[in-house]
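To keep things clear, I will list the structure first and then write my remarks on it.
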Amino acid sequence: MIYLVEHFYSIQGEGRYIGTPSLFFRFGACNLKCEGFACSEVAPDGTVVVGCDTVYAVNKEHFSSQWGKITKARELLNILELYELPEKSVDIVLTGGEPLLYAQDEIFVEFLQVLHQRGHRICFETNATIAVNFFKYEIYKECIFALSVKLSNSNEPYKKRVRGEVINSIATNAKDAYFKFSVDAESINLGLEDEIFDITSHAPSADVFCMPVGGDKKTVEANTPMLVEFCKAKGYNFSDRLHIRIWDANKGV
């Protein structure tokens with residue numbers, strides 16, 4: 001079963017295509033919890049749930065009322081008709097949660113194939129821990145992947161968050177792939193350079209983008225200055241979180 005948490009037409013706020021008009025599909029469920037990011041969300045039942053800044057797309061136990069069941073590819077495709085999109089095909093961004101949990105689902109694959117046929121650039125935001133069968137489902141060779149591999153600041157075990165063979169496979173077979181790391185100021189002084197080097201060694205030709213941790217404008221701004229200096233010193237690309245700068249903690253914009 002595919003779960004869709006939300007969809008919205010906005011601009012890409014992170015990574016290589018920052019500022020690009022994009023239609024986002026946020027899918028529910030994730031194989032990681034990332035409680036180290038310590039963002040919190042109040043669930044409809046009043047429970048305060050801690051995790052990443054999209055914990056409502058991770059924790060089905062407390063946010064199930066916001067998760068819609070998808071039973072046909074047409075249900076996803078019909079969403080495009082809800083927006084006044086420009087004639088030029090906009091980017092389609094598949095995020096979560098972890099969208100690759102559905103990588104082998106026939107409905108999901110059909111959805112991607114139709115999007116590609118219509119000329120959309122398809123961009124995945126993934127934690128890069130779930131293998132993609134590029135040979136059985138060739139549509140993934142036409143997709144772009146932002147590899148948001150989690151660092152130790154996520155509080156996830158190394159063996160769970162870093163899957164070298166998966167990273168290499170995606171970077172080798174996809175149309176394009178780049179790394180996108182979430183960094184807080186404290187981590188910069190705690191072996192961050194070695195962590196990033198270890199992860200990127202599995203795909204050394206992929207570009208590296210570092211963005212500040214934060215689910216609200218205040219936190220993003222607090223983590224930005226040291227990260228900018230880190231990127232300048234190491235030759236990495238700094239990625240702002242433009243959507244948070246503009247709309248703060250508001251969702252679906």
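The values are calculated or read from the model by the stated rules, or taken from the named source; none is laboratory data. The structure displayed is predicted, hence computed values, not measured ones. A quick note on method: Cβ atoms are made from the backbone with ideal geometry, for glycine too, and the neighbour counts reach across all protein chains shown.
Things worth noting here:
- Contacts under 7 angstrom Cβ, first residue in segment 228-251 being touching a residue at least 24 places away in the same chain (Cβ under 8 Å) and in a strand (DSSP E or B), partner of a type outside the set (Ser, Thr, Tyr) and buried (at least 17 other Cβ atoms within 10 Å of the Cβ), 6 or more apart: ASN237/VAL208; ASN237/PHE209; ASN237/CYS231; PHE238/CYS210; PHE238/LEU227; PHE238/CYS231
Here's the yes/no breakdown for (1) modelled with pLDDT of 95 or more; (2) in a helix (DSSP H, G or I); (3) surrounded by 19 or more Cβ atoms within 10 Å (Cβ to Cβ); (4) at positive phi:
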| site | (1), (2), (3), (4) |
| --- | --- |
| ILE130 | yes, no, no, no |
| PHE135 | yes, no, no, no |
| PHE145 | yes, no, yes, no |
| LYS160 | yes, yes, no, no |
| VAL166 | yes, yes, yes, no |
| ALA171 | yes, yes, yes, no |
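- Residue check, LYS180 of a type in the set (D, E, K, R) and either modelled with pLDDT under 95 or surrounded by fewer than 20 Cβ atoms within 10 Å (Cβ to Cβ) (or both): no
- Taken over segment 91-121, the criterion of being assigned to a helix (DSSP H, G or I) and exposed (fewer than 12 other Cβ atoms within 10 Å of the Cβ) is satisfied by GLU106, GLN117.
- The single condition from (1) among the aliphatic types (A, V, I, L, M); (2) in contact with a strand residue (DSSP E or B) (Cβ under 8 Å, 6 or more places away or on another chain); (3) buried (at least 20 other Cβ atoms within 10 Å of the Cβ) that ILE11 fails is (3).
- Evaluation of LEU82 against the conditions (1) buried (at least 16 other Cβ atoms within 10 Å of the Cβ); (2) out of contact with any strand residue (DSSP E or B) (no Cβ under 6 Å at 6 or more places or on another chain) shows that the sole unmet condition is (1).
- Some residue of segment 212-224 being assigned to a helix (DSSP H, G or I), of a type in the set (Lys, Arg) and within 23 Å of THR200 (Cβ to Cβ): no
- Here VAL48 meets each of (1) in contact (Cβ under 8 Å) with a residue 60 or more places away in the chain; (2) more than 19 Å from THR129 (Cβ to Cβ) with one exception, condition (1).
- Checking each residue of segment 25-43 against the condition of being hydrophobic (A, V, I, L, M, F, W, C), under 15 Å from VAL5 (Cα atoms), within 20 Å of the chain's Cα centre (by Cα) and part of a helix (DSSP H, G or I) gives no match.
- Flag for HIS202 being at pLDDT 95 or above and of a type outside the set (A, V, I, L, M): yes
- For segment 223-241, the candidate set comprises residues that are in contact with a strand residue (DSSP E or B) (Cβ under 8 Å, 6 or more places away or on another chain) and hydrophobic (A, V, I, L, M, F, W, C); within that set, the residue that is surrounded by the most Cβ atoms within 10 Å (Cβ to Cβ) is LEU227.
- Checked against (1) farther than 15 Å from LYS175 by Cα; (2) under 18 Å from the mean Cα position of the chain (by Cα); (3) touching a residue at least 60 places away in the same chain (Cβ under 8 Å), LEU100 meets all criteria but (3).
- Identity of the residue in segment 47-90, within 29 Å of VAL213 (Cβ to Cβ) and assigned to a strand (DSSP E or B), that ends up modelled with the highest pLDDT: GLY68
- Flag if LYS218 is free of Cβ contacts under 8 Å to residues at least 60 places away in the same chain, loosely packed, with under 13 Cβ neighbours inside 10 Å and among the charged types (D, E, K, R): yes
- Pair list, Cβ < 8 Å and 6+ apart or interchain, from segment 62-79 residues that are surrounded by 13 or more Cβ atoms within 10 Å (Cβ to Cβ) to residues that are assigned to a loop (DSSP other than H, G, I, E, B) and polar (S, T, N, Q): HIS62/THR47
- Search result, residues across segment 174-211 that are of a type in the set (Phe, Trp, Tyr) and assigned to a helix (DSSP H, G or I): PHE197
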